[in-house]
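The structure under discussion appears below in the form of structure tokens.
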Amino acid sequence: MRIGPYALPNTLAVAPMAGVTDRPFRQLCKRLGAGYAVSEMVGSDPRLRHTAKSRRRIDHAGEVAPIAVQIAGADPAMLADAARYNADLGAQIIDINMGCPAKKVCNVFAGSALLEDEALVARILEAVVKAVEVPVTLKIRTGPCPERRNALSIARIAEAAGVQMLAIHGRTRACAFRGQAEYATIAEVKSRARIPVIANGDVETPEEAKRVLEATGADGIMVGRAAQGRPWLFREIAHFLATGTSAAPAPLAEIRAVLLEHLEGLYALYGEEQGTRVARKHIGWTVRALPGGEEFRCAAVRIDSAVAQHAAVNDYFSRLAA
Ligand SMILES: Cc1cc2nc3c(=O)[nH]c(=O)nc-3n(C[C@H](O)[C@H](O)[C@H](O)COP(=O)(O)O)c2cc1C
């Protein structure tokens, strides 16, 4: 699959997740089998550009191309300006968030709330595509609510505006994260779209990835929550799609090495205090399925120095290996 000049190594994407898919996590996912990663969303309001959070989110040092940055907002001119600003800072692809149902985003009529206003969607997409030389992609849900699944109409608007790829989460805005993702709407959009379509929602295993690809005919799969604490999932999906057989589970030694590398990346990006806090959830996700994982997670959340956290994780894996 291509997005503009970028031929992706495969069509497995890690979904943008604010607070999760920071640079260290995206780098791990890409190294462990994801062909594509999109940054956490960056607000389009220029007044927020200099906050520590925004500065971290625009730091792409060492990231494997293509560097895709997601922008969020509702004002066409502001989004166009944010696209230009991020392209100038190294974004090679600009992704627009029209998929997030979070209150913080939707209360200001951004994210998936935009799907209700197709005229505004058109104005935003036209303004952003015109503002930058780099490819622009779009992430949406299937519509505002189950009674109004307008993803096809949005896809047509996107194509007409020059958007080069569409990722669709198979839920409506009103569904938030409830119920099951549905893939029929994604299949319908894919069957009529001229641009690549990536299917997203509830893919947890390599087998599900294959089923969703077959059910939708999509060009690729985007995985979010199932990759938390499990960035090698992309390698397992790639293996299953290529061979029809399951890959051997990630060895304990690799899980340990990946987690320790992840912790170091978080300390370096956030600094010790915040890095240790951010690391807690990743430790919890990684160990949840391992023996004594829950007990270790409960103990590990009380640790607040990087050295002690790193050592505790190391010791936990040494005990497991023994
Ligand atoms: C913690 C969290 C943060 C998210 N942040 C974003 C975001 O910044 N931008 C976005 O487009 N979607 C965001 N999403 C939605 C995901 O990209 C994805 O569409 C959704 O989780 C469904 O995929 P999954 O079932 O594979 O998790 C977020 C989801 C989660 C769970």
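The values are calculated or read from the model by the stated rules, or taken from the named source; none is laboratory data. The shown structure was predicted, so the numbers you read here are calculated from the model rather than taken from an experiment. Quick reminder, even Gly has a Cβ in these numbers, built from the backbone with ideal geometry, and neighbours come from all protein chains shown. Accessible surface is based on the protein model in full, side chains and every heavy atom, while ligands, DNA and RNA are left aside. Shrake-Rupley method; radii C 1.70, N 1.55, O 1.52, S 1.80 Å.
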Task: Heavy atoms of Lys30: accessible area, 1.4 Å probe, square angstrom to 10 - done: 30
Open item on the list: What distance in nm lies between label points placed 7 Å from Cα along the C-beta direction at Ala250 and Asp45?
Closed with: 3.6
Open item on the list: At 222 nm, what value in deg cm²/dmol follows for the chain if DSSP H runs of at least 4 each add -39500 (n - 2.57) and the sum is divided by all its residues, to the nearest 500?
Closed with: -14000 deg cm²/dmol
Task: Kirkwood-Stokes translational diffusion coefficient of the chain, alpha-carbon pairs, 37 °C, 0.692 mPa s, µm²/s - done: 163
TODO: With a 1.4 Å probe and every protein chain left in place, work out the accessible area per residue of the chain in Å², rounded to a whole number.
DONE: 42
Task: Out-of-range pairs (alpha-carbon distance over 32 Å; input Lys53/Lys190; Lys53/Lys210; Lys130/Lys190; Lys130/Lys281; Lys130/Lys210) - done: Lys53/Lys190; Lys53/Lys210; Lys130/Lys281; Lys130/Lys210
Task: Whole-Å semi-axes of region 131-190's equivalent ellipsoid (Cα gyration tensor) - done: 23, 11, 10
Open item on the list: Just to be sure I understand the rule: take each whole DSSP H helix in the chain, project its Cα atoms onto its long axis, keep it if the span is 24 Å or more and its mean Kyte-Doolittle hydropathy is at least 0.5. Which ones pass?
Closed with: 252-270
Open item on the list: From the convex hull of the Cα coordinates of region 87-227, what is the mean projected area in square nanometres?
Closed with: 8.5
Task: Arg26 accessible area, 1.4 Å probe, all protein chains in place, Å² to nearest 10 - done: 10
- [ ] Give the carbon-plus-sulfur fraction of the accessible surface of the chain in %, rounded to a whole number; probe 1.4 Å, heavy atoms of protein chains only.
- [x] 54
